[in-house]
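Working notes, structure below.
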């Protein structure tokens, strides 16, 4: 239900942006350097099911090249916050264009209360999930509404990894007791589909 409300809010946001962009540009010349904010949401699909994601990426574009910094929420398997560098290249097709993108950085674990309970995580001791590598890559198609604003869809591939430590007290017979620490590595590969708006 929360996902549906978020998606409806985003659609309203895009429609407002489209309405505001309906005015004609006074200047047809596009500067070589531009600041852009890319705001997108979508779904991740993998062997562990489907999950919601959202991101905002802010940076500078020079001609057809873009570089920026992104942050978001990734709800696949374990909730986390990716923080990454994002790079894009445009390929003009008429008034619109295709683009290729790639990003790399880290994600920071932000487990839900249910995930903490399910995986026996506490705020102290040896138990815990580590932050890990994050990267994504893909292609997309963007429709230009004017020289500054566009809407797009972009399928791609996404990866995040983490290591979980779970301590288990073991008391053979009557003692002495010791703690066994088990490690679990998760390499989560997903297909990604995003829709968004660029300012």
Residues in the range 159-174 near a label at residue 181, defined as backbone nitrogen under 11 Å from the 7 Å Cα→Cβ point?
165-168
Two-site FRET efficiency, residue 65 against residue 191, from Cβ-Cβ distance with R₀ of 35 Å, rounded to 0.05
0.85
Place the peptides 109-121, 155-167 in order of packing, highest mean first, counting for every residue the other Cβ atoms within 10 Å and averaging per peptide.
155-167, 109-121
Can you tell me how the range 37-122 classifies by the Cα gyration tensor, rounded, prolate or oblate, using a/c under 1.5 as the rounded cut?
prolate
Estimated FRET transfer efficiency (residue 91, residue 45; beta-carbon r; R0 22 Å; 0.05)
0.25
When the gyration tensor of the range 82-199 is built from Cα positions, what are the square roots of 5 times its three eigenvalues, in whole Å, from largest to smallest?
46, 12, 10
Shape call for the range 27-87 from the C-alpha gyration tensor, a ≥ b ≥ c root eigenvalues: rounded (a/c under 1.5), prolate (a/b greater than b/c) or oblate?
prolate
Å³ per residue of the Cα convex hull, for the range 74-115?
86
How do 176-187, 94-105 rank on mean C-beta neighbours within 10 Å, highest first?
94-105, 176-187
If each part is reduced to its alpha-carbon centroid, the range 182-199 and the range 156-174 end up apart, in Å, by 21
Given the convex hull over the Cα atoms of the range 123-188, what projected area results after averaging over all orientations, in nm²?
7.5
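No lab work stands behind these numbers, since they all come straight from the coordinates. Here the structure is a predicted model, which is why all the values come from computation and not from measurement. Counting neighbours? That spans all protein chains shown, and the Cβs are built from the backbone with ideal geometry, glycine included.
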